[in-house]
1. Across the stretch 12-36, which residue is nearest to residue 97 (Cα to Cα) among those that are surrounded by 15 or more Cβ atoms within 10 Å (Cβ to Cβ) and of a type in the set (Lys, Arg)?
2. Which condition number in (1) farther than 17 Å from residue 13 by Cβ; (2) surrounded by 12 or more Cβ atoms within 10 Å (Cβ to Cβ) is the one that residue 89 fails?
3. Considering (1) within 16 Å of residue 102 (Cβ to Cβ); (2) surrounded by fewer than 17 Cβ atoms within 10 Å (Cβ to Cβ), say which one residue 78 fails and leave the rest.
4. Can you name every residue in the stretch 83-101 that is basic (Lys, Arg) and touching a residue at least 60 places away in the same chain (Cβ under 8 Å)?
5. Tell me yes or no: at least one residue of the stretch 38-58 is under 30 Å from residue 92 (Cβ atoms) and of a type in the set (A, V, I, L, M).
6. Could you name every one of the helices (runs of 4 or more DSSP H) located completely within the stretch 1-92 that has at least 3 residues being closer than 13 Å to residue 104 by Cα and out of contact with any Pro (no Cβ under 8 Å at 6 or more places or on another chain)?
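Computed from the coordinates by the stated procedures, all read-outs in this text should not be read as laboratory data. Since the structure is predicted, the reported quantities are computational estimates derived from the model, not experimental observations. Every residue, glycine as well, gets a Cβ built from its backbone with ideal geometry; the counts of neighbours run over all protein chains shown.
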Amino acid sequence: MRVSPQKARLVLDLIRGRKVEDALNTLAFTKKRVAATVEKLLRSAVENANYLSAEKNIDVDVDRLYVKQAIANDGPRMKRIRPAPQGRAYRYVRRISHLELVLAERGKDREGVANVVSEETAAAKAPARRKAVNAKRKTAGKKKTVVAK
């Protein structure tokens, strides 16, 4: 998005942790230029959740979704030059931000949070993570010894 991350974070802070319905209402009445883009992004995320529940047979209740994470990171910067008096030139930077929204589903019978990610995907990633952590632990404890002959 062609807006500075600082300005985008002002809007994203308003919707973080809210239910999707409340977040959409907040964005509709926010008087910031970036609010329209964030609203479009949020609607896209909700449609992705609908797609998961309808086509991929993953149990997602759209009514219980909330904005779990809302981040605006720096993108590439465009450096520009503005003419200045007496033949000089002033440099300025046009900032770009990468917007990221993560929706999650509040649990019915438990206090925790159920993510939109499927359980099969999470289960498949868990052993690989454990192997990587165990490999780091094994190599961290060993000291390298050099024997001169």
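1. 32
2. Here residue 89 clears every test but (2).
3. (1)
4. 94, 95
5. Yes: one or more hits.
6. Ranges flagged: 34-54.
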